[in-house]
1. Considering only region 134-150, I want to know if a residue exists there that is more than 15 Å from ALA183 (Cα to Cα), polar (S, T, N, Q) and buried (at least 23 other Cβ atoms within 10 Å of the Cβ).
2. If I filter region 235-245 for residues that are under 27 Å from LYS132 (Cβ atoms), among the small types (Gly, Ala, Ser), touching a residue at least 40 places away in the same chain (Cβ under 8 Å) and surrounded by fewer than 17 Cβ atoms within 10 Å (Cβ to Cβ), do I get at least one hit?
3. Show the residue pairs that are 6+ apart or on different chains and have beta-carbon atoms under 6 Å apart, the first residue being within region 118-140 and at positive phi and touching a residue at least 60 places away in the same chain (Cβ under 8 Å), the second being outside any helix (DSSP H, G or I) and surrounded by fewer than 21 Cβ atoms within 10 Å (Cβ to Cβ).
4. Say whether the condition of being assigned to a loop (DSSP other than H, G, I, E, B), at pLDDT below 90 and of a type in the set (A, V, I, L, M, F, W, C) is met by at least one residue in region 203-222.
5. Looking only at region 157-202, how many residues end up being assigned to a loop (DSSP other than H, G, I, E, B) and surrounded by fewer than 21 Cβ atoms within 10 Å (Cβ to Cβ)?
Amino acid sequence: MAAHPEGGKIAIVTGGGTGIGKAAALSLLEDGWRVVLAGRRREVLQETIDAAGAHDQAIAVPTDVTDPGSVEALFATALQTWGRVDLLFNNAGIGAPGVPLEDLSLDDWKRVVDTNLNGMFYGIQQAFRVMKAQSPQGGRIINNGSISAHAPRPNSIAYTATKHAVAGLTKTASLDGRKYNIAVGQIDVGNAGTELAMRMTQGVPQANGEIAAEPLMDVRLVGESVRYMASLPLQANVLFHTVMATKMPFVGRG
């Protein structure tokens, strides 16, 4: 089977209907990839495909990343449709209410862990199984970490803990993928202008207890970063890539 099937390489993007996942999917489609968009709501995924005018280049596959069987079915659909998987953008993730950690419900904790950590692992595991078996062997996995993979915001213990764990998944999978020609990297995003992040412009809690507005960057720049990482030959890997609003309060004290 050809490494570059007619119509471009094959990517799976989880959380592909909104935000960073949508931006990445649109950028990959623009670059000639064929894209399998995964997410909970078919209609939202289809809106992304419609926006790109890519009906022969993309398919929508409703997927629950917290269900290993659903993730397995996602990869099976990709294989049935286009014969291989060259890229997984392991993007789907959620947060919890911004409450003091002692008040966080166990249900909210488990929900975040099940999506951001377990769901990420299920995607990596299926990608390994597929990429190991296909010919030519190999592929690329890009995990969506977050600035929170490095430093927390106040009242974010579930999200921050899982994003720190994603960094461990990335490092271990990068090591374990060498023998199968699987490159694994991570993109850590700070203050991309998604619908969920718009609250940043109205003021959010800071480490020093103040409430302050924060700048955002165009989410399309994140899509372009994913496209760059995905464009590299498998002999090269971006292990960690941080892209952030230049003036956000990430580096420094306060």
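1. Yes; the residues of region 134-150 include at least one that is more than 15 Å from ALA183 (Cα to Cα), polar (S, T, N, Q) and buried (at least 23 other Cβ atoms within 10 Å of the Cβ).
2. Residues of region 235-245 that are under 27 Å from LYS132 (Cβ atoms), as a first pass: 235-241.
From what is left, the residues that are among the small types (Gly, Ala, Ser) are 236.
This time we only want the ones that are touching a residue at least 40 places away in the same chain (Cβ under 8 Å), so: 236.
Next, from what is left, pick out any that are surrounded by fewer than 17 Cβ atoms within 10 Å (Cβ to Cβ): 236.
Within region 235-245 (the criterion being under 27 Å from LYS132 (Cβ atoms), among the small types (Gly, Ala, Ser), touching a residue at least 40 places away in the same chain (Cβ under 8 Å) and surrounded by fewer than 17 Cβ atoms within 10 Å (Cβ to Cβ)), the answer is yes, since at least one residue qualifies.
3. GLY138/ASN181; GLY138/LEU234
4. Yes: region 203-222 contains one or more residues that are assigned to a loop (DSSP other than H, G, I, E, B), at pLDDT below 90 and of a type in the set (A, V, I, L, M, F, W, C).
5. Pass one, region 157-202, residues assigned to a loop (DSSP other than H, G, I, E, B): 181, 191, 193-195.
Of the ones still in play, those that are also surrounded by fewer than 21 Cβ atoms within 10 Å (Cβ to Cβ) are 181, 193-195.
Total meeting the criteria: 4.
The values are calculated or read from the model by the stated rules, or taken from the named source; none is laboratory data. What you are looking at is a predicted structure, and each value in this text was computed from that prediction instead of being measured. We place every Cβ from the backbone using ideal geometry, glycine too, and count neighbours over all the protein chains shown.
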